[in-house]
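First the structure, in the form of structure tokens, and then the observations on it.
The values are calculated or read from the model by the stated rules, or taken from the named source; none is laboratory data. Small disclaimer: the values here were computed from a predicted structure and weren't measured. Cβ sites come from the backbone with ideal geometry, for glycine too, and all protein chains shown count toward neighbours. What goes into the accessible areas is simple: the full protein's heavy atoms, side chains included, and nothing from ligands, DNA or RNA. Shrake-Rupley method; radii C 1.70, N 1.55, O 1.52, S 1.80 Å.
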Amino acid sequence: DHIATSRTPDFETTFHTATQGQGIHVILNSLTDDLIDASLRLLTPNGRFIEMGKTDLRNTEEVARAHPGVTYRAFDIADDAGPDRIGAMLMELAGLFERGALRGLPVRCWDVRESVDAFRFMAQARHIGKVVLTIPHTP
């Protein structure tokens, strides 16, 4: 019920409304530029912003000055979590999917022979979820 596109900063208004102005406690981010700024504005006081992206890392002190009480942390899952913790997280996620607490993203399949169209569709950011190329049973 609370899904919005992250391709424009309009998600800020959507989630501000959905939370009745309360904001979001934790944001797991891989966006850049003004989309990061919109996300930071959505955080509750004492909210946590976990940066997974690598292309627009922010200075922790500057974020703290602009957003008092917010914790900003760049996170590299391979380096910071390690294989044992990643395995435990995947097991927890699998359980959430099995119980129906989480559901997968929409999938749009394209025959591999239509891969040019599929990549064009994806490059134009017209998709939601996953774009999958399928291999036909017979060539």
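Structure above, values below:
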item	result
Residues satisfying the stated conditions in the range 99-109, i.e. within 26 Å of Arg126 (Cβ to Cβ) and either assigned to a loop (DSSP other than H, G, I, E, B) or of a type in the set (Phe, Trp, Tyr) (or both)	Leu102, Arg103, Gly104, Leu105, Pro106
Answer from Ala78, Ala101, Ala94 - the residue that is among the small types (Gly, Ala, Ser) and surrounded by 11 or more Cβ atoms within 10 Å (Cβ to Cβ)	Ala94
Arg85, sole failed condition from (1) surrounded by 12 or more Cβ atoms within 10 Å (Cβ to Cβ); (2) within 18 Å of Leu28 (Cα to Cα)	(1)
Selection status of Thr17, open to solvent by 40 Å² or more (accessible area, probe 1.4 Å), more than 25 Å from Pro106 (Cα to Cα) and polar (S, T, N, Q)	no
Where a residue in the range 52-73 is basic (Lys, Arg) and its partner, wherever it lies, is in a helix (DSSP H, G or I), with Cβ under 8 Å and at least six apart	Arg58/Ile36; Arg73/Thr60
Answer residue from the range 41-66, given it is open to solvent by less than 40 Å² (accessible area, probe 1.4 Å) and over 14 Å from the mean Cα position of the chain (by Cα) and is nearest to Thr8 (Cα to Cα) among those	Leu42
Condition met for Thr71 (β-branched (Val, Ile, Thr) and more than 28 Å from Ser39 (Cα to Cα))	no
Failed item in (1) open to solvent by 50 Å² or more (accessible area, probe 1.4 Å); (2) modelled with pLDDT of 95 or more; (3) under 19 Å from the mean Cα position of the chain (by Cα), with Val116 passing the rest	(3)
Extreme residue, farthest from Thr55 (Cα to Cα), among residues of the range 20-40 that are surrounded by 14 or more Cβ atoms within 10 Å (Cβ to Cβ), within 11 Å of the chain's Cα centre (by Cα) and among the hydrophobic types (A, V, I, L, M, F, W, C)	Ile27
Filter result for Lys130 (surrounded by 12 or more Cβ atoms within 10 Å (Cβ to Cβ), within 20 Å of the chain's Cα centre (by Cα) and at pLDDT below 95)	yes
